[in-house]
1. Quick one: ALA146 ticks every box in (1) under 21 Å from TRP6 (Cβ atoms); (2) within 19 Å of the chain's Cα centre (by Cα); (3) surrounded by 16 or more Cβ atoms within 10 Å (Cβ to Cβ) except a single one, so which number is it?
2. Which members of the range 1-29 meet the condition of being open to solvent by 80 Å² or more (accessible area, probe 1.4 Å), among the charged types (D, E, K, R) and either assigned to a helix (DSSP H, G or I) or in contact with an Asp or Glu (Cβ under 6 Å, 6 or more places away or on another chain) (or both)?
3. Any idea which of GLY59, GLY38 is in contact with a strand residue (DSSP E or B) (Cβ under 9 Å, 6 or more places away or on another chain), modelled with pLDDT of 95 or more, part of a loop (DSSP other than H, G, I, E, B) and of a type in the set (Gly, Ala, Ser)?
4. State the number of residues belonging to the range 112-132 that are exposed (fewer than 15 other Cβ atoms within 10 Å of the Cβ), out of contact with any Gly (no Cβ under 8 Å at 6 or more places or on another chain) and farther than 21 Å from LEU55 by Cα.
5. Kindly provide the set of residues from the range 50-84 that are over 17 Å from ALA119 (Cα atoms) and either buried (at least 20 other Cβ atoms within 10 Å of the Cβ) or near the ligand (Cβ under 7 Å from one of its atoms) (or both), ordered by number.
6. Please state which of the following conditions CYS46 fails to meet, knowing it meets all the rest: (1) within 14 Å of the ligand (Cβ to nearest atom); (2) in a loop (DSSP other than H, G, I, E, B); (3) within 13 Å of LEU152 (Cβ to Cβ); (4) hydrophobic (A, V, I, L, M, F, W, C).
7. Residues that are acidic (Asp, Glu), more than 17 Å from GLN69 (Cα to Cα), free of Cβ contacts under 8 Å to residues at least 12 places away in the same chain and more than 10 Å from the ligand (Cβ to nearest atom): does the range 21-29 have at least one?
Amino acid sequence: MQPSFWHEKWASKQIGFHLGEVNPLLIEHWPQLNVASGASVFVPMCGKSLDLCYLAEQGLEVVACELNQAAVEQFFTDNELSVEVQTLGEHTRYCTEQITLYQGDLFTLPTHLTAHCTAFYDRAALIAWPEAMRQQYVKQLAKLIAPQSIGLLITLDYPQAALNGPPFAVSDDWVMANMSEYFEIERLRCDDVLAQNPRFISKQVPWLTESVYRLVRKG
Ligand SMILES: C[S@@+](CC[C@H](N)C(=O)[O-])C[C@H]1O[C@@H](n2cnc3c(N)ncnc32)[C@H](O)[C@@H]1O
């Protein structure tokens, strides 16, 4: 998707992807990864997700990236966090004691800013890309995190022809075929979530599943 697509979504408050709570799947599955307290976790395309707060509460250093400035500012004001702001080339760094959020394009984020991250969390980032861009995103994510990094990936799958994304349908086959070059992949669960998604029901999407993967960066 072009940056303008997301800037328009944020400007018009069409942010149906934003959850008003920490993602229950994160709470359920993150502890299984056994990420050591004090480790750094990278969260690409984070929006103003409360998941950042959950990860910080686990004693982790959170490093995140988000394109839209209003989203970044809302994250810090909504959570009453005072923040230091610094311009770093084409990105702006927003920093609290435990959370560093780079506002700007993930694809131009310098790798030295995230190279110390040994964990990562992707919710609604991979599935925000149409198929033509998805492989490039995977490559960029793999480039930004350290070898052996462990993380969670949450995807949605449905018959793509039934609805225009985002979120785009990402099948288990796609994940295995396109991410195995960079990651060891284990699917932890796959649930039927149609009943909880009225937008998909109203568009008569016949089925909708949500999967959670445990990934380990190869290398
Ligand atoms: C579907 S939302 C998901 C947000 C968040 N992960 C969540 O769970 O609420 C995708 C986010 O990616 C951001 N985004 C899109 N393209 C980006 C890019 N090239 N670099 C960084 N962020 C981007 C959008 O502004 C949007 O906030």
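The values are calculated or read from the model by the stated rules, or taken from the named source; none is laboratory data. Here the structure is a predicted model, which is why all the values come from computation and not from measurement. Neighbour counts run over all protein chains shown; Cβ positions are idealised from the backbone, glycine included. For accessibility, only protein heavy atoms count, side chains too; no ligands or nucleic acids. Shrake-Rupley method; radii C 1.70, N 1.55, O 1.52, S 1.80 Å.
1. ALA146 satisfies every listed condition except (1).
2. Scanning the range 1-29 gives GLU8, GLU28.
3. Values: GLY59 fails: in contact with a strand residue (DSSP E or B) (Cβ under 9 Å, 6 or more places away or on another chain).
Just a single option satisfies the conditions, and that option is GLY38.
4. Looking only at that region, the number is 3.
5. If we filter the range 50-84 for residues that are over 17 Å from ALA119 (Cα atoms), which is where we start, we get 50, 66-84.
Result: GLU66, LEU67, ASN68, ALA71, VAL72, PHE75.
6. (3)
7. Just the residues of the range 21-29 that are acidic (Asp, Glu), to begin with: 21, 28.
Next, from what is left, pick out any that are more than 17 Å from GLN69 (Cα to Cα): 21, 28.
Adding the requirement that they be free of Cβ contacts under 8 Å to residues at least 12 places away in the same chain leaves 28.
Within this subset, residues satisfying the condition of being more than 10 Å from the ligand (Cβ to nearest atom) are 28.
Yes.
Listed here are the residues, each with its yes/no results for (1) farther than 18 Å from VAL43 by Cβ; (2) open to solvent by 90 Å² or more (accessible area, probe 1.4 Å); (3) not small (Gly, Ala, Ser).
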site: LEU152; (1), (2), (3): no, no, yes
site: ASP172; (1), (2), (3): yes, no, yes
site: MET179; (1), (2), (3): no, no, yes
site: PRO198; (1), (2), (3): yes, yes, yes
site: SER211; (1), (2), (3): yes, no, no
